[in-house]
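Participant: First the structure, which I've put down as structure tokens, then a few questions once you've had a look.
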Amino acid sequence: EVQLLKKLRNTPNITTFYGSFIYDNKLFICMELMEMSLTEYYKQVHQMKSSFPEELLGCICVCVTDALIACKSIRIMHRDVKPLNILLNRTGEIKLCDFGLSRILVDSLATTIVGTMAYWPPERFTGEGSFDIRHDVWSLEITLIDTTLSNYPLSKNSIFNACFPNIR
């Protein structure tokens, strides 16, 4: 993770890596301080019975897409895009974090199956073949729907399924 963070050090929309050290046989990673995860924020918005602001949803989409493009340009696949790994701060910055499951792609492909299963694209469940950056894009799409609805969209009792019963 530290090696990947060093490669991404000056990338906008990815939390800034300041350095790392080992103390008492534990690795400590020093990162930029952000106020909250997207999960915490959308829960607050929905608790106030408000709909999630469309403009902010657009900003999240652009910022995370830019972060994923930057990763792809140096052959890194995040592999765990989800609301908990998108952070916000008081100045309005939106950044992707947690590169612990990320890998440098070989021939633009990854072969190991890791990440949060709820955000995996359907083809990852077959366990066959390789995966590429499009899997991170699928995870971002599920994240945006999750954020909008405050409800994981592919669960049996989701609002999404009630609106689109024939999709699956």
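The values are calculated or read from the model by the stated rules, or taken from the named source; none is laboratory data. Quick caveat: nothing in here was measured; it's all calculated off a predicted structure. Every residue, glycine as well, gets a Cβ built from its backbone with ideal geometry; the counts of neighbours run over all protein chains shown. Ligands, DNA and RNA are excluded from the accessible area calculation, which covers all protein heavy atoms including side chains. Shrake-Rupley method; radii C 1.70, N 1.55, O 1.52, S 1.80 Å.
Participant: Identify all residues within segment 70-90 that are over 10 Å from the mean Cα position of the chain (by Cα), open to solvent by 20 Å² or more (accessible area, probe 1.4 Å) and closer than 15 Å to Ser139 by Cβ; write none if there are none.
Facilitator: Lys72
Participant: Out of segment 44-95, which residues are at pLDDT below 90 and charged (D, E, K, R)?
Facilitator: Lys49, Lys72, Arg75, Arg79, Asp80
Participant: Being of a type outside the set (D, E, K, R), open to solvent by less than 30 Å² (accessible area, probe 1.4 Å) and over 19 Å from Asp146 (Cα atoms), is that true of even one residue in segment 51-60? Step through it out loud before you land on a result.
Facilitator: The first filter runs over segment 51-60 and keeps only residues of a type outside the set (D, E, K, R), leaving 51-53, 56-60.
If we keep only those that are open to solvent by less than 30 Å² (accessible area, probe 1.4 Å) as well, we get 52, 60.
Remaining after also requiring over 19 Å from Asp146 (Cα atoms): none.
No, because not a single residue in segment 51-60 is of a type outside the set (D, E, K, R), open to solvent by less than 30 Å² (accessible area, probe 1.4 Å) and over 19 Å from Asp146 (Cα atoms).
Participant: Examine segment 120-133 for a residue that is touching a Ser or Thr at 6+ places or on another chain (Cβ under 8 Å), open to solvent by 30 Å² or more (accessible area, probe 1.4 Å) and at pLDDT 95 or above, and state whether such a residue exists.
Facilitator: No: segment 120-133 contains no residue that is touching a Ser or Thr at 6+ places or on another chain (Cβ under 8 Å), open to solvent by 30 Å² or more (accessible area, probe 1.4 Å) and at pLDDT 95 or above.
Participant: Hey, another quick one. Pairs under 6 Å by beta carbon, first residue open to solvent by 60 Å² or more (accessible area, probe 1.4 Å) and assigned to a loop (DSSP other than H, G, I, E, B) in segment 7-29, partner modelled with pLDDT under 95 and not small (Gly, Ala, Ser), six or more apart or different chains?
Facilitator: The qualifying pairs are Arg9/Phe17.
Participant: Is it the case, given these coordinates, that Val64 is under 16 Å from Cys97 (Cβ atoms), touching a Leu at 6+ places or on another chain (Cβ under 9 Å) and surrounded by fewer than 14 Cβ atoms within 10 Å (Cβ to Cβ)? Break it down stepwise before answering.
Facilitator: Numbers: under 16 Å from Cys97 (Cβ atoms): yes; touching a Leu at 6+ places or on another chain (Cβ under 9 Å): yes; surrounded by fewer than 14 Cβ atoms within 10 Å (Cβ to Cβ): no.
No.
Participant: Let me ask you something else. Given the conditions (1) assigned to a strand (DSSP E or B); (2) in contact with an Asp or Glu (Cβ under 6 Å, 6 or more places away or on another chain), which single one is not true for Leu68?
Facilitator: (1)
Participant: Please verify whether Val45 is under 11 Å from the mean Cα position of the chain (by Cα), of a type in the set (Val, Ile, Thr) and under 18 Å from Thr143 (Cα atoms), treating the condition exactly as stated. Spell out the reasoning first.
Facilitator: On the way: under 11 Å from the mean Cα position of the chain (by Cα): no; of a type in the set (Val, Ile, Thr): yes; under 18 Å from Thr143 (Cα atoms): yes.
So Val45 does not fit the description; no.
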